[in-house]
Amino acid sequence: MSAVIQGMGENNFQVLLVNSGHQLEISKCTSVKRTKIGSQSCIEVEPPTIRKRSIGKLLQCFIAPLVMARIVYRWKPDYLWIYNSYLFEVICLCVAKLASPGLVTILELEDLPNARRRERERLTKNILDRFALKVALKIVNGATVVQKKMTPFNGGHQLEWYLPVLLSNAEIDCPIKVRNPITIGYFGGLMEEKGVIILISLIRQYRGCCRWVVCGSGPLERELETLSVAIPDRFRFFGCLEDQQFRAVYREVDAIINLHQPIEKFAGSLFPYKLLEAVAHGKLVISTPMLGCPDEASHAIHWLDGDPFEAGLNALARIEEIELETRAARNQAQKWVVANFSSRSAIGRILHDLQSVS
C-alpha cells in the first residue's frame, strides 16, 4: 500500500487514504489527518474504532456508506483504488459508483477470500468476502492480480494487470554479491503455517559459517526471543521494526529464506510478495515451492524440494555454491522485476491504460 501511495504521488496525484484496518483496539471517533506513508504525504481518514476489533470492523461496514459519500462530495476523487475485496471496501466502492458514476475504480487483488483458513464465525466473513468479490469484479474498471489465474470467471472489469509485487523506487538499489559469512534473514509472521518452527530448528541445528536475522511478530515470538539469548553470536531477533530500522536491517541480509507451507493448502491464489521484493534487492532467495511465481524470476530462486527441513540443511551446506550458480540469473531477474514493478512505472502504466479506454 505504501508503494501504491508512492506511485500515485510520483504520477502527480494527491492521495487520500481510508484506513479501515482497525489496528488499535480503542474507542475513537472518525479522524482526518495529514500523514506520511513512506516518502509520500497523504490525507488519512480513519473510521471509528472500539475496544473489540471484530465488532469494530463490522460496525465500520455499517457506516461505510456515510464515510464514502462524504469523501466523494468533499474531495471529488478522480480514481478509487481498493485494496482487496473486503466487505467495507466493496460497500465503499458501490457507494462511490452511485455517487459519482464517472469515478474510475481499480481493485488490487492480493488474495482470494478462500486463500486463508478461517474457523467458526470467521467462515461468515469468508462467505461475505466471496460475495463482495463477485460484486467488485462486475463494477470496477480494472483489477491488478498477483497470479494470472485469480479471476478465471468472467468479471465485468475492462482491464487486468499482472502485478505480483509493487516496489518503491527508493528501495531497489542493492548489491548482487553476498558477503562471508553469509547473513540469512526471515521477515514476516511468526507462526507455524509460515514455516517458522522449521526455521527455528534450522537455526538451532545448522553449525556452518552463517548468521541469522529474524524480524516479525506472532505466536512463536517468545521462542525466538529465547533462542536469541541462547546463541547471540549467531542469531539476532528484532521483532517489529519502524520503517527506517527495517531498511537498515534488511540491507545487512544477503539471503532471504521462506519456509511457508505449500500455498495450495490455502485453496486460493496467494503469492508472497516478499520473494520478488528480495529478488529486486538482489538477495539470494531460498524458498519452499510457491504457486504463482513469474517465470522471469523463478529461475533466480533456489526452490527446496522434498522435506523442507532436510532440504534446508542441504541448501545451507552448499549456500556459497548456490549463490555462485544463481548470481547471473539473479542479476537478470532483478532487472526484470525492477523494470516492471517499480511504483512509478507500474502505477503510471495502469493510469495510462485507464485513460486510453475512458
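The values are calculated or read from the model by the stated rules, or taken from the named source; none is laboratory data. Note that this is a predicted model, so its numbers are computed, not measured. Neighbour counts are summed over all protein chains in view; Cβ atoms, including those assigned to glycine, are modelled from backbone coordinates with ideal geometry. Accessible surface is based on the protein model in full, side chains and every heavy atom, while ligands, DNA and RNA are left aside. Shrake-Rupley method; radii C 1.70, N 1.55, O 1.52, S 1.80 Å.
Between Cys240 and Arg74, the simple label model (points 7 Å from Cα in the Cβ direction) yields a spacing of 2.7 nm. For a paramagnetic label modelled on Ala328 (point 7 Å from Cα along Cα→Cβ), amide N atoms under 19 Å away belong, within region 293-310, to 296-303. Write down Rg/Rh for region 1-119, rounded to two decimals, with Rg from the C-alpha atoms and Rh from the Kirkwood relation over Cα pairs. My calculation puts Rg/Rh at 0.95. Accessible area per residue for the chain is 49 Å², calculated with a 1.4 Å probe on protein heavy atoms, without ligands, DNA or RNA. Mean separation of Cα pairs under 8 Å and 6 or more residues apart, divided by the residue count, gives region 217-331 a relative contact order of 20 percent. Restricting region 185-256 to GluC sites (Glu not before Pro) that sit in a DSSP loop and have at most 10 other Cβ atoms within 10 Å of their own Cβ leaves Glu242. Restricting the trypsin sites (Lys or Arg not before Pro) of region 3-112 to loop positions (DSSP other than H, G, I, E, B) with no more than 15 neighbouring Cβ atoms within 10 Å leaves Arg51, Lys52. The value of relative contact order for region 54-97, using C-alpha pairs under 8 Å at least six residues apart, is 50 percent.
So if each residue of separation counts as 0.36 nm, and I subtract the Cα-Cα distance between Leu59 and Ala339, what length gain in nm does that give?
Going from the current span to full extension adds 96.6 nm.
Projecting the Cα atoms of Tyr206, Ala300, Gly189 onto the charge dipole of region 183-300, computed from C-beta unit charges around the Cα centre, puts Tyr206 farthest toward the positive end. Largest GNM mean-square fluctuation among Ile256, Ile198, Ile184, using the chain with Cα springs under 10 Å: Ile198.
Where only DSSP H runs of four or more residues are counted, the chain gives -13500 deg cm²/dmol as its mean residue ellipticity at 222 nm, each run worth -39500 (n - 2.57). Label-to-label distance, Ile43 versus Arg204, with points set 7 angstrom from Cα along the beta-carbon direction: 5.4 nm.
Basic side chains Lys and Arg get +1 at the Cβ, acidic Asp and Glu get -1 at the Cβ, and with that the dipole of region 172-230 about its Cα centre reaches some 360 debye.
Rounded to the nearest 20 debye, the dipole magnitude of the chain is 1020 debye, with +1 charges on Lys and Arg beta carbons, -1 on Asp and Glu beta carbons, and the Cα centre as origin.
For the chain, the carbon plus sulfur part of the accessible surface works out to 54%, probe radius 1.4 Å.
List the residues of region 60-88 whose backbone N lies under 16 Å from a point placed 7 Å from the Cα of Ala99 along the Cα-to-Cβ direction. The answer is 60-82, 88, whose backbone nitrogens lie closer than 16 Å to the label point. Note on Asp295 and Arg130: their simple-model spin labels are 3.2 nm apart, each label 7 Å out from Cα toward Cβ. Taking 0.36 nm per residue of sequence separation and removing the Cα-Cα distance, the Glu321/Ala230 pair yields an extension gain of 29.8 nm.
The alpha carbon centroids of region 220-239 and region 1-30 are separated by 33 Å. For the set Lys97/Lys138; Lys76/Lys138; Lys28/Lys57; Lys274/Lys335; Lys57/Lys125; Lys28/Lys76, the pairs lying more than 19 angstrom apart at their alpha carbons are Lys76/Lys138; Lys28/Lys76. Shape annotation for the chain: C-alpha extents along the principal axes are 62, 45, 38 Å, from largest to smallest.
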